[in-house]
Amino acid sequence: MASNAAVPFWRAAGMTYITYSNLCANLVRQCLKEPHRSEALNREKVHFSISKWAEGKPKKPSRFLCSFL
Amino acid sequence: MLRQAPQFLLSRASAAAMRWSRPFSTDLPAETAGDSKFIDEWKKSIPNMDPPKTPSAYMAPRPPTPSTIPSKLTVNLVLPYNSVLSAKEVDMVIVPATTGQMGVLPGHVATIAELKPGLLSVHEGNDTTKYFLSGGFAFVHANSVADIIAIEATPVDQIDPNLVQKGLAEFQQKLSSASTDIEKAEAQIGVDVHSALNAALTG
C-alpha cells in the first residue's frame, strides 16, 4: 500500500501531534497581555515530585518541581 | 429514539456522532436494524433464552438529520479547561482549517477538519466575534451542530502585539541557526504560530 500523502513537517522530524499542539498552545499563551498571560501560564503548571529507587527502596524524594511544557 | 429510515445508515463505527445526553441503558432499544438477523438466528437455536444485548444496543442512535435545513448553526467551542461557547445558535462560523479558512453554514455536510493556529470568527446577525485558536479539530455534524475543540482560544484583544513581534523575530533567528531536524521543526512551528498571531492582529 502507498504511504500516506505528505506528512506534516513536524511528524517527519519525529514530533507527535500532542507535542506539536501543546507547543503551539504554549507559544500562544506566552503572547497574551499581562493578567491573562500569568493566569494562563499558572493554570498550566504541573506540580510533581520525583524519587529515584535503588534496591527496592525509594531514595529521598527530590524537591517539589513545578513546570509547564 | 424511534426507529426511522435514517437509522439504516447507522454504522457501528459511528462513535463520532455520540451525543452526551445518553439515556439510561434500560431505556435503549433492545435491538437495532443490524442485529435482527443475529436475533432471529438466536431465537431459532436457543428459543428459551433472551438474546443478549449487542454493543450497538448500548449506543445512542445517531441524531436524525432534519429534512429541511435548519436556519441556525449550533456551535460548541470547548477548551480543556473551559467551554467558551456552549450550544450557541449562530448564522455562520469560519474555522481556520489546515486546508484554509472554511466557512460553515447551517446544513453543511458532515466534516472533520484539523485546525491550524488561526482565527475563528463566529457570525451572528451583524455581530462577529473572533477568537484566536492555537489548533485543534472541528467536527461538523449532519444536523447542523459544529463542535470545535481547541487547546487555547483567546479573543484577539488579549494578544500583545509587542510579544508577537519579539517572538516572530526570535523564532526566525532560531530557524536560520537550527541544526537538527527537531530544532528546525520547533523553530518552524514558532514562526508559523507567530505569523498567524500577527495576521490575526493586523487582518
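No value in this document is a laboratory result; all are computed from the given coordinates. Keep in mind that what you see is a predicted model, and the values were worked out from it rather than measured. Virtual Cβ from ideal backbone geometry, glycine too; neighbours counted across all protein chains shown.
The mean number of Cβ atoms from other chains found within 10 Å of a Cβ in peptide B:159-172 is 3, as a whole number. Quick one: net charge of residue B:117's neighbours, Cβ under 13 Å, K/R +1, D/E -1? Charge balance in the 13 Å sphere: -1. The listed peptides A:12-20, A:30-38, B:185-193, B:117-125, ordered by packing as a protection proxy, come out as B:185-193, B:117-125, A:30-38, A:12-20 (highest mean of other Cβ atoms within 10 Å first).
Among B:106-115, B:42-51, A:52-61, B:172-181, the peptide with the highest mean count of other Cβ atoms within 10 Å heads the list, and the full ranking is B:106-115, B:172-181, B:42-51, A:52-61. Dipole magnitude for segment A:9-66: about 240 debye, using +1 per Lys or Arg Cβ and -1 per Asp or Glu Cβ, origin at the Cα centre. With a sphere of radius 11 Å drawn around the Cβ of residue B:201, what net charge do the other residues whose Cβ falls strictly inside it have (Lys, Arg +1; Asp, Glu -1)? Summing Lys/Arg as +1 and Asp/Glu as -1 gives -1. Per residue of peptide A:29-38, the mean number of Cβ atoms on other chains within 10 Å of the residue Cβ is 6. Each peptide in A:39-50, B:59-70, B:75-86 was scored by the mean count of other Cβ atoms within 10 Å over its residues; highest first, the order is B:75-86, B:59-70, A:39-50. Ignoring lysines fewer than eight residues from residue B:43 along the same chain, the ones with Cα atoms less than 17 angstrom from its Cα are B:53. Annotation for residue B:86 and residue B:176: the two label points, set 7 Å from Cα along the Cα-Cβ direction, are 4.9 nm apart. Once the Cβ-Cβ distance of residue B:184 and residue A:53 is raised to the sixth power relative to R0 = 41 Å, the FRET efficiency obtained is 0.65.
Does segment B:161-202 come out rounded, prolate or oblate by the C-alpha gyration tensor, with a ≥ b ≥ c the root eigenvalues, rounded set by a/c under 1.5 and, if not, prolate when a/b is larger than b/c and oblate if not? Prolate, because a/c is 1.5 or more and a/b exceeds b/c. Counting, for every residue in B:133-140, the Cβ atoms of other protein chains within 10 Å of its Cβ and taking the mean gives 3.
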